[in-house]
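Below is one structure, written out as structure tokens, with a few remarks after it.
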Amino acid sequence: FHGCYSVGDDQLWGVVRRRKSAANTLAALKSIRAARPDGAPIYVILDNLSAHKGRKIQAWAARNKVELCFTPTYASRANPIEAQFGPLRTFVIAGSNHPNHQALTRKLQAYLRWRNANARHPNVLAAQRRERARIRSERQRRWGQPTTRAA
């Protein structure tokens, strides 16, 4: 799932593929450009996944007025879309047992349609707050290192 979030419009959408690759990242970026066909510059915040940094992606971005902004390693809290993934996990993935990829994709797309129609719904806002708090609590942690306890 390549999640796309328009901060100004408070709209969430995504491109679902079997794996993350440079070609699928480019498809997601093209969907972002298509959402803003007026040609205005677009700033896209990405994590440091190598699939986001290919030459084809960088060349396409330069031709299409898309500025790629990479978050530093272990700084997902700096990416505004991260707070949107908590509700998505809560309402679509948690406790689910989808029989196949297509069923999961249908559920994801149904949630995205509902979420965009109900962006200010109390349950969505509460799930976003929980996710922001979770992300903030991980600020000083690194993968594989135990959490330290205060004395």
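The values are calculated or read from the model by the stated rules, or taken from the named source; none is laboratory data. Small disclaimer: the values here were computed from a predicted structure and weren't measured. Note that each Cβ is placed from the backbone with ideal geometry, even for glycine, and that neighbours are counted across all protein chains shown. In case anyone asks, the SASA skips ligands and DNA or RNA and just uses the protein heavy atoms, side chains included. Shrake-Rupley method; radii C 1.70, N 1.55, O 1.52, S 1.80 Å.
Laid out as a table, the results:
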{"read-out": "Contact order normalised by residue count of the chain, Cα under 8 Å, 6+ apart, percent", "value": "22"}
{"read-out": "Per-residue SASA entry for CYS69, accessible area with 1.4 Å probe, Å² rounded to 10", "value": "50"}
{"read-out": "Radius, Kirkwood style, for the chain when every pair of distinct Cα atoms is counted (Å)", "value": "17.0"}
{"read-out": "Å² of accessible area per residue within the chain, as computed with a 1.4 Å probe and no ligands counted", "value": "66"}
{"read-out": "Region 20-75: C-alpha gyration tensor shape, a/c 1.5 cut-off, then a/b vs b/c", "value": "prolate"}
{"read-out": "CD proxy at 222 nm, helix term only [per DSSP H run n ≥ 4: -39500 (n - 2.57); per residue of the chain; nearest 500]", "value": "-13000 deg cm²/dmol"}
{"read-out": "Charge context of LYS20, other residues only, Cβ under 14 angstrom, K/R +1, D/E -1", "value": "+3"}
{"read-out": "Share of carbon and sulfur in the accessible heavy-atom surface of the chain [1.4 Å probe, %]", "value": "51"}
{"read-out": "Whichever lysines have a C-alpha closer than 21 Å to that of LYS65, once near sequence neighbours (fewer than 8 apart) are set aside", "value": "LYS30, LYS53, LYS56"}
{"read-out": "Separation in nanometres of the label points that stand 7 Å from Cα toward Cβ, at ARG18 and ARG33", "value": "2.6"}
